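Asks: Dropping a structure here in C-alpha cells format, bear with me for questions.
The values are calculated or read from the model by the stated rules, or taken from the named source; none is laboratory data. Quick caveat: nothing in here was measured; it's all calculated off a predicted structure. Every residue, glycine among them, receives a Cβ derived from its backbone with ideal geometry; neighbour counts consider all protein chains shown.
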Amino acid sequence: MKDLEKKSKKGLDALKAKQEYGALKRDVSGGIDDLLGVNTQEETPVVPMRVNRRWMSIAAAFLFLALASYFAFPKSESAHNLYSNHFDTYPDILSSTLRGDEVEKSQIMQAMEKYNSSDFKACIAAFEKMSESPGANSNLYLGISHLAIGNDDTALSLFDKVPENSDVQDGVIWYRALAYLKKNELDKAKSYLQTIASSKHYKSVEAKEILEEL
C-alpha cells in the first residue's frame, strides 16, 4: 500500500512539475517577444506598393486638372468681377432736356423714374410701350437697363444707335467697355478702356484701375 501511495505521489509531482514548466515556458516566451517587440496578434495586411502608386497617380492627375482649370480661366472670373465692381447708372440728363409732345414727355419721365430707381425691367417695358421712338439719347439708358439684366448683346446694339456727336457719347463708350468686359471679350474692352484712360473722360481713373487688373 505504501508503494502505491509513493507511486501516486510521484505521478502527481511529475504532473505538477510539467504544468509549472509549461507556464514558465509561456512566461519566458512572452517576455522575449515583448523584449524584441514582436506582435503576436494578427497583423494588418500591407497594401501592395503598386496599389498605393495607382491611387497617388489618380490624385496627382486630379490636382493637375484643378490647377490647370484655375490658371486657364482666372481672367473670365476677374473680368466679370471688375464689371460688377464698376457698374453704376449713367446720370439722368434726359429728363431735363425733354422737348415736344406732353404725352411723350410724360412717358419718358415714367421710364426714367424706373431707371433712376434701378427697376430696369420696368424701365425697358415703359420705353417699349411708347408708340414713337423716344429719341436717340434714350437708347443709352435703354441699353444700360438691358446690360444690367444680362442682355449684353441687346445693350451693345442700342449703344450703336446713339449718334457719335451726342452729348451722352461719353457714357456710350464707357458702357461699351463694361459690356465687353462682362462678355469677357477683353481685347475690345481694353481698346475702349485705353481710349477712356488716355482722355479727360469722367471715368478715366476707373478705366486705368481696370486696365491694371487685366
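Asks: Pick from ALA155, ALA136: which is in the same structural domain as VAL172 (by TED's automatic domain parsing) and part of a helix (DSSP H, G or I)?
Replies: ALA155
Asks: Taking segment 184-214, which residues are outside any helix (DSSP H, G or I) and buried (at least 18 other Cβ atoms within 10 Å of the Cβ)?
Replies: From segment 184-214, those outside any helix (DSSP H, G or I) are 184-185, 198-203, 214; that's our starting set.
Answer for segment 184-214, where residues must be outside any helix (DSSP H, G or I) and buried (at least 18 other Cβ atoms within 10 Å of the Cβ): just LYS203.
Asks: Which one of these is more than 21 Å from SER199 (Cα to Cα), at pLDDT 95 or above and not small (Gly, Ala, Ser): ASN81, ASN151, ASN137?
Replies: ASN151
Asks: Mind checking which residues of segment 107-153 are of a type in the set (Ser, Thr, Tyr) and in contact (Cβ under 8 Å) with a residue 40 or more places away in the chain?
Replies: SER138, TYR141
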